[in-house]
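Here's the structure, in C-alpha cells; my notes come after.
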Amino acid sequence: MKWPAKRLATGTKKSFGMYEDALKLEAQGVDLIHLEFGRPYADTPKHIKEATKAALDAGIVHYGDFRGTLSFREALAKKLSDFNKLDYGVDEILVTNGLTHGAFIALMAAIDPDDEVILLEPYYPQHIGKTEMAGGKIVKAQLDAANNYAITKEAIAKKITPKSRMIVLINPANPTGRVYSREELQHVADLAIEHDLLVLSDEVYEYITYDDAEHISIASLPGMRERTITCFAFTKAYSMDGWRIGYLAADKALIPAMLSVIMNDVTHVNVFVQEGARAAVEGSQEPMRAMVEADKRKRDIVVQALNQMPGVVCPTPEATIYAFPDITATGKSAHELAHVIMNEAHVVTEAGSFYGPAGEGHLRICFGSVSEERLVEAMGRLSTFFNAL
C-alpha cells in the first residue's frame, strides 16, 4: 500500500538537533559528554516511586477518568492555588502525558487552519510542529539578545494580524533561562485582551528558579484566566521525564474541546503513575528543593568557567537548567561551532540557531543533565578547546 503523500510539518524535521549527530559519533566509541539534551540527572525521589508501587499493589490498574483521577486533580487544584495563585476547580484541570501532550491538546483544540500562532524567539521548536499539524501558521516575534531577551509590547504587536489566534509563552524560558517579570507578562496580557487572543503558557520550569527570581503564572493577571491555557509537568522539578505525566489548567469554557482531543488520542493517562505524581504534589518537597540547589551549584560552575574562556560571554540564567552563552566573538556560526566542539572536544552542546535566528551566535548548554563531576570535566574540555581556538 502506498503511503499518503502528505507534507510533514516542517517543525518536526529537525526535532532532535545535535542529539542525533551525537549518537552517530558515540556509536563509534567516542566518549561524549552530553550537554545538549534537556533532561534532569537525578533519580526520581523515592517516595514517588513507593507511592506508584503501592498503587500497583492496591490494584489501581484499570481504566480511569478521561480528565485524570479525581484525587489527583484535587491535589493539583490545591497546588495551583497555593503556589501559582490560580483558582481552578477540578473540572478545569486535565491530566496529560507530559507537558508536550498538554501543548498538543491545546493547539489541536484551539487552532483552525490558517490561524496564526505567535512564538517568542528564541523559541522551543516543538511548538512549531504541533501548530502546523493543527493547520496553523507560525509567526515569530524576535526578542533582542542585547536587551536580555526581554518581552516588549512592540515586538509582539507588530506581528498581530486579523488571523492571529494565540501567543505561546515559555516562562521560565527555554533556551535563555529568563524569568519574565510581571511587567513583561503584562505586555503579553494587554495585547491578548486587546486583540482577543489565547495564550498557551508553558511553565515546566516553574520551580527551577534561582536567587531572587520570582515565577509568575500569566493566568493570575487580571483578565487572563479565561484566555490562558497553562501547561505543567513533573518532568524537571521531580526528575520524572520518563514517567510522562503533566497537566493543564484552563477556564471551564475551554475544557470540552481539549477533553475531546484527549478522548480521541490517549483516552486517559496511566492511573498508577498518577498516584506517584500525586505523592510528588502532596509529599515532601525537600527532594525537589535539593535538586534545584544542585542545579544552582552546576549553573554557577558553568557560568564561571565559560566566562573565563576566550570568545565566550555567558549571562547568569535566572532559571531552568540551561546556560545560553554568546559565542559571536569566535567568528563561527552556532551550528558550525557546536559541531566542531562535538568532534574535537567531545562535548555536545546545542546550536542557538536551533531555537530560531534570534538564537544565532549562542550555544545552549544543559548543566542539569550530568553529574557535577562530569560537568567539571566538560568545562575543562571546553576551556582547552576555546583557548586553542
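The values are calculated or read from the model by the stated rules, or taken from the named source; none is laboratory data. Quick caveat, the model's predicted, so the values are computed rather than measured. Cβ: placed from backbone, ideal geometry, glycine included. Neighbour counts: every protein chain shown. The accessibility values were calculated without ligands, DNA or RNA, using every heavy atom of the protein model including side chains. Shrake-Rupley method; radii C 1.70, N 1.55, O 1.52, S 1.80 Å.
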Scanning the stretch 43-101 residue by residue, those among the polar types (S, T, N, Q) and either part of a helix (DSSP H, G or I) or within 17 Å of M240 (Cα to Cα) (or both) turn out to be T44, T52, S71, S81, N84, T96, N97, T100
Which pairs have Cβ atoms under 7 Å, sit 6 or more apart or on different chains, and link a residue in the stretch 76-92 that is open to solvent by less than 20 Å² (accessible area, probe 1.4 Å) to one that is part of a helix (DSSP H, G or I) and not aliphatic (A, V, I, L, M)?
N84/S220; L86/S220
Within the stretch 324-342, is even one residue surrounded by 18 or more Cβ atoms within 10 Å (Cβ to Cβ), under 17 Å from the mean Cα position of the chain (by Cα), at pLDDT 95 or above and not in a helix (DSSP H, G or I)?
yes
Identify, please: which residue in the stretch 48-71 is farther than 23 Å from L248 by Cβ and open to solvent by 60 Å² or more (accessible area, probe 1.4 Å) and is, among those, nearest to the chain's Cα centre (by Cα)?
K49
Read through the list (1) open to solvent by 20 Å² or more (accessible area, probe 1.4 Å); (2) in contact with a His (Cβ under 8 Å, 6 or more places away or on another chain), then give the number of the only condition that L254 fails.
(2)
Which condition number does P113 fail, the rest of (1) in contact (Cβ under 8 Å) with a residue 24 or more places away in the chain; (2) under 26 Å from S164 (Cα atoms); (3) open to solvent by 20 Å² or more (accessible area, probe 1.4 Å) being met?
(1)
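Matching residues to (1) open to solvent by less than 30 Å² (accessible area, probe 1.4 Å); (2) modelled with pLDDT of 95 or more:
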position	(1), (2)
P125	yes, no
A134	yes, yes
A145	no, no
I151	yes, yes
I156	yes, yes
K159	no, yes
V168	yes, yes
Residue pairs, Cβ under 9 Å, 6 or more apart or interchain, first in the stretch 347-368 and assigned to a helix (DSSP H, G or I), second polar (S, T, N, Q). List them.
S353/S333; Y355/N174; Y355/T176; P357/Q142; A358/Q142; G359/T176; G359/S353
Which of the residues belonging to the stretch 204-220 are part of a loop (DSSP other than H, G, I, E, B), in contact (Cβ under 8 Å) with a residue 24 or more places away in the chain and closer than 20 Å to A290 by Cα?
V204, Y205, E206, Y207, I208, Y210, D211, A213, E214, H215
Could you list, in sequence order, all residues of the stretch 207-249 that are touching a strand residue (DSSP E or B) at 6+ places or on another chain (Cβ under 8 Å) and among the β-branched types (V, I, T)?
I208, T209, I218, T228, I229, T230, T235, I245
